[in-house]
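Visitor: So that we are looking at the same thing, I have put the structure below in structure tokens.
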Ligand SMILES: Cc1cc2nc3c(=O)[nH]c(=O)nc-3n(C[C@H](O)[C@H](O)[C@H](O)COP(=O)(O)O)c2cc1C
């Protein structure tokens, strides 16, 4: 299957309707995904990226129905990760000498994964490749967005930026274009993708966006490597990225907890009540971490000014779903967010203190001492929970 993108550029990728987990079990993909590869046919024929390994046979067959593989002059690999390069070995069995254009780091990642010494041609930012008919490819290194090997490729005259993982989303969509997609799903998936994949690289991304903007490229289309392609006002997603990479916050406070006998749940609810009493405008959301999806929760934290995090004490520690999630929060390296810890206990009560320490270690600014509730709420501890909510609200107004 192919889809026309513009003039002599076709999408030759794979829509993966059934994908429910990505990166192993790390990333939830309720809306599926796509692996976008592109074929440019000018005086020179160029393939940009491939698709994930399980679809290699299908990909190569489709490509063969489109073009005599021997007439592919260049292959551009924007990023060596398996979901984009996984079909390369199968393809290279058929056209082993075709030059591959990629960054120096992509040579390392491709050789490291596939152990092949293909005809690599290393490119750097501003390098160009003439493809005839007055058009050329311009390469822009995107180091650490999100691997050291990442780059984007710009097609002049057609003004298409093949951005690879940047600006993508895990969203399977029949029509592949942003104007033909469900706008709410698209926005939510783009934000979730940013929060979970790109947040750790905020500072690099900020610099890179400035650099790309300073190139003054006319961009008519942003052809991502996952999800839909931005052709209607493509600058909208660049503008969103400019906001998202700059310590993004909405007027939201999120409470995350786990519980066995609901004491910590009721405490979470009282903290929420206190926040609402102090600030009637703020959006307050409460989630049970063990019953929620970690990636959705990370997106909620991404939107939040502050979080309150609670677990009962179990065997001198916290419940393990929360432990895992706090570890994940540390990986995401959020900045400029406030936090507080709480939890019920029976006799020793280590959990709130431990949560407090892990949040601090994850870069959150702790705005109060941990709240400890013995067994479950009394009038006194209920008031303390409400007061904690008010304190969080006051610190974020
Ligand atoms: C398996 C188990 C282990 C526990 N271990 C501890 C502990 O080490 N220290 C402690 O203070 N309380 C411990 N408790 C007591 C709980 O922290 C207490 O029941 C608390 O009120 C539960 O809060 P929840 O209603 O939010 O689940 C334990 C409870 C259970 C069920």
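The values are calculated or read from the model by the stated rules, or taken from the named source; none is laboratory data. Predicted, not measured: the structure shown is a model, and the values here were computed from it. Glycine also receives a Cβ, built like all others from the backbone with ideal geometry; neighbour counts cover every protein chain displayed.
Visitor: Inspect all residues belonging to segment 310-317 and state whether any of them is in the same structural domain as residue 360 (by TED's automatic domain parsing) and within 27 Å of the chain's Cα centre (by Cα).
Guide: Our first condition is that a residue be in the same structural domain as residue 360 (by TED's automatic domain parsing); within segment 310-317, this holds for 310-317.
From what is left, the residues that are within 27 Å of the chain's Cα centre (by Cα) are 310.
Yes: one or more hits.
Visitor: With the structure loaded, tell me whether residue 309 is in a strand (DSSP E or B), within 16 Å of the ligand (Cβ to nearest atom) and modelled with pLDDT of 95 or more or whether it fails that test.
Guide: Working: in a strand (DSSP E or B): yes; within 16 Å of the ligand (Cβ to nearest atom): yes; modelled with pLDDT of 95 or more: yes.
When the stated conditions are applied, residue 309 passes them.
Visitor: Quick one: in segment 337-364, which of the residues that are assigned to a helix (DSSP H, G or I) and touching a residue at least 40 places away in the same chain (Cβ under 8 Å) is nearest to the ligand (Cβ to nearest atom)?
Guide: Step one: filter segment 337-364 for residues assigned to a helix (DSSP H, G or I), giving 351-361.
Of the ones still in play, those that are also touching a residue at least 40 places away in the same chain (Cβ under 8 Å) are 351-352, 355, 359.
On the way: 351: 7, 352: 10, 355: 13, 359: 18 Å.
My answer is 351.
Visitor: Please state which one of 3, 90 is in contact (Cβ under 8 Å) with a residue 60 or more places away in the chain and over 22 Å from the mean Cα position of the chain (by Cα). Even if it seems obvious, please write down each step before you answer.
Guide: Values: 90 fails: in contact (Cβ under 8 Å) with a residue 60 or more places away in the chain.
It is 3.
Visitor: Within segment 62-119, considering only helices (runs of 4 or more DSSP H) that don't extend past its boundaries, which have at least 2 residues that are out of contact with any helix residue (DSSP H, G or I) (no Cβ under 9 Å at 6 or more places or on another chain)?
Guide: On the way: elements: 82-85, 88-94, 104-114.
Passing ranges, in order: 104-114.
Visitor: Filter segment 339-357 down to the residues that are surrounded by 21 or more Cβ atoms within 10 Å (Cβ to Cβ) and farther than 13 Å from residue 319 by Cα and list them by number.
Guide: Hits for segment 339-357 are 339, 340, 341, 356.
Visitor: Looking at segment 255-269, which of its residues are surrounded by 24 or more Cβ atoms within 10 Å (Cβ to Cβ) and more than 7 Å from the ligand (Cβ to nearest atom)?
Guide: We begin by selecting, within segment 255-269, every residue surrounded by 24 or more Cβ atoms within 10 Å (Cβ to Cβ); these are 255-258, 264, 267-268.
Matches in segment 255-269: 255, 256, 257, 258, 267, 268.
Visitor: Continuing with this model, one more query. Please state which of the following conditions residue 396 fails to meet, knowing it meets all the rest: (1) away from the ligand (no atom under 13 Å from the Cβ); (2) in contact with a helix residue (DSSP H, G or I) (Cβ under 8 Å, 6 or more places away or on another chain); (3) farther than 20 Å from residue 197 by Cα.
Guide: Status for residue 396: all satisfied but (2).
Visitor: Mind checking whether some residue in segment 269-279 is within 30 Å of residue 11 (Cβ to Cβ) and without any contact (Cβ under 8 Å) to a residue 40 or more places away in the chain?
Guide: In the first step, residues of segment 269-279 are kept if they are within 30 Å of residue 11 (Cβ to Cβ); the result is none.
No, segment 269-279 contains no residue that is within 30 Å of residue 11 (Cβ to Cβ) and without any contact (Cβ under 8 Å) to a residue 40 or more places away in the chain.
Visitor: Is it fair to say residue 329 is in contact with a strand residue (DSSP E or B) (Cβ under 6 Å, 6 or more places away or on another chain), within 24 Å of residue 291 (Cβ to Cβ) and in contact (Cβ under 8 Å) with a residue 12 or more places away in the chain?
Guide: Working: in contact with a strand residue (DSSP E or B) (Cβ under 6 Å, 6 or more places away or on another chain): no; within 24 Å of residue 291 (Cβ to Cβ): yes; in contact (Cβ under 8 Å) with a residue 12 or more places away in the chain: yes.
Against the criterion (in contact with a strand residue (DSSP E or B) (Cβ under 6 Å, 6 or more places away or on another chain), within 24 Å of residue 291 (Cβ to Cβ) and in contact (Cβ under 8 Å) with a residue 12 or more places away in the chain), residue 329 does not qualify.
Visitor: Determine whether residue 379 is surrounded by fewer than 15 Cβ atoms within 10 Å (Cβ to Cβ) and away from the ligand (no atom under 16 Å from the Cβ). Working first, answer last.
Guide: Numbers: surrounded by fewer than 15 Cβ atoms within 10 Å (Cβ to Cβ): yes; away from the ligand (no atom under 16 Å from the Cβ): yes.
In short, yes.
Visitor: If a residue must be more than 33 Å from the chain's Cα centre (by Cα), under 13 Å from residue 340 (Cα atoms) and part of a loop (DSSP other than H, G, I, E, B), how many such residues does segment 365-390 contain?
Guide: 0
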